[in-house]
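The values are calculated or read from the model by the stated rules, or taken from the named source; none is laboratory data. The structure displayed is predicted, hence computed values, not measured ones. Positions of Cβ are generated from backbone atoms using ideal geometry, with glycine treated the same way; all protein chains shown enter the neighbour counts.
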Amino acid sequence: MKIQKIQSLCILSFFLIACATAPYTHRKQLILIDPDSEMSLGLEAQKQILKKAKLCKDKEIVNMVNRVGWRIAKATRRNLPWEFYVIKDDKTANAFCLPGGKVFVYTGILKYTQDETGLATVLAHEIGHAIARHGAERMSMVLVAQVGEAALATVLKAHSETTRQAFLIGYGLGAQLGVLLPYSRVQEYEADHLGLILMAKAGYDPRKAIAFWERMSQENKKKHIPEFLSTHPTDEKRIEAIKQLLPEALKYYNPNGGENVGN
């Protein structure tokens with residue numbers, strides 16, 4: 001009985017230590033993996049993606065993605081080894097960000113972004129997922145379901161195959177690298193929230209984000225659903241929620257180039 005009580009206390013302490021808070025929204029999260037381990041797993045995934053991917057060689061496109069990406073990255077005030085890759089695949093409309101600031105954009109998304117502000121909407125949304133550690137949060141839930149609370153500490157310390165598989169599932173990189181599993185509705189709306197703030201801090205008008213999501217919504221109605229929509233559901237409620245968030249985001253907006261990056 002005493003041993004069981006001690007185990008219960010240890011598990012409770014473990015979960016209390018694992019509590020995190022999302023930036024800006026201050027939502028409480030359960031994240032069981034430490035940032036260093038998460039980044040290490042992200043680097044492994046990055047290497048696998050680059051082995052298979054065909055990178056875009058169009059300098060104009062690559063320069064644009066880097067230009068917009070770095071403005072968003074600087075707005076996060078996260079000292080990460082940011083890298084931006086453009087994958088040449090006009091049939092795939094997608095983008096994602098791995099832990100450690102490794103951002104991938106497929107050329108197929110560019111026909112929907114249309115301009116730099118549209119691209120900023122996408123990159124800020126994906127980087128929002130990353131700085132809120134949504135993948136690690138989802139990974140934690142996978143680990144809880146797979147091994148149970150009592151075995152978590154051992155599994156995480158061991159950096160085991162179970163942990164690696166949970167990472168792949170958590171970041172949606174299991175069956176096919178670069179194709180994300182859906183985030184939860186809460187995480188999606190949170191990424192919208194963070195994305196609006198980040199693009200505003202970077203000097204992009206957050207009000208123009210609505211046009212991008214409306215284009216996505218139109219594609220959804222036509223049943224020509226891009227990958228970005230299959231993993232990032234959009235609807236009238238989502239667009240309305242974004243409109244409700246604009247007054248907050250506009251407080252961070254500096255149209256003169258993104259110098260206003262302070263909190």
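Points to keep in mind about this one:
- The range 115-139 - residue that is outside any helix (DSSP H, G or I) and at pLDDT below 95 and, of those, surrounded by the fewest Cβ atoms within 10 Å (Cβ to Cβ): Arg133
- Among the candidates Phe104, Phe96, residue that is modelled with pLDDT under 95 and in a strand (DSSP E or B): Phe96
- Where a residue in the range 196-210 is under 16 Å from Gly69 (Cβ atoms) and its partner, wherever it lies, is of a type in the set (Gly, Ala, Ser) and assigned to a loop (DSSP other than H, G, I, E, B), with Cβ under 6 Å and at least six apart: Ala202/Gly258; Gly203/Gly257; Gly203/Gly258
- Selection over the range 20-29 of residues that are of a type in the set (D, E, K, R) and either part of a strand (DSSP E or B) or surrounded by 18 or more Cβ atoms within 10 Å (Cβ to Cβ) (or both) gives a count of 1.
- If you go through the range 43-90 and keep only what is more than 22 Å from Ala22 (Cβ to Cβ), touching a helix residue (DSSP H, G or I) at 6+ places or on another chain (Cβ under 7 Å) and loosely packed, with under 15 Cβ neighbours inside 10 Å, you end up with just Asp90.
- Criterion: of a type in the set (A, V, I, L, M), outside any loop (DSSP other than H, G, I, E, B) and modelled with pLDDT under 90 - qualifying residue of Leu43, Leu50, Leu32: Leu43
- Count of residues meeting criterion [modelled with pLDDT of 95 or more and basic (Lys, Arg)] in the range 230-249: 1
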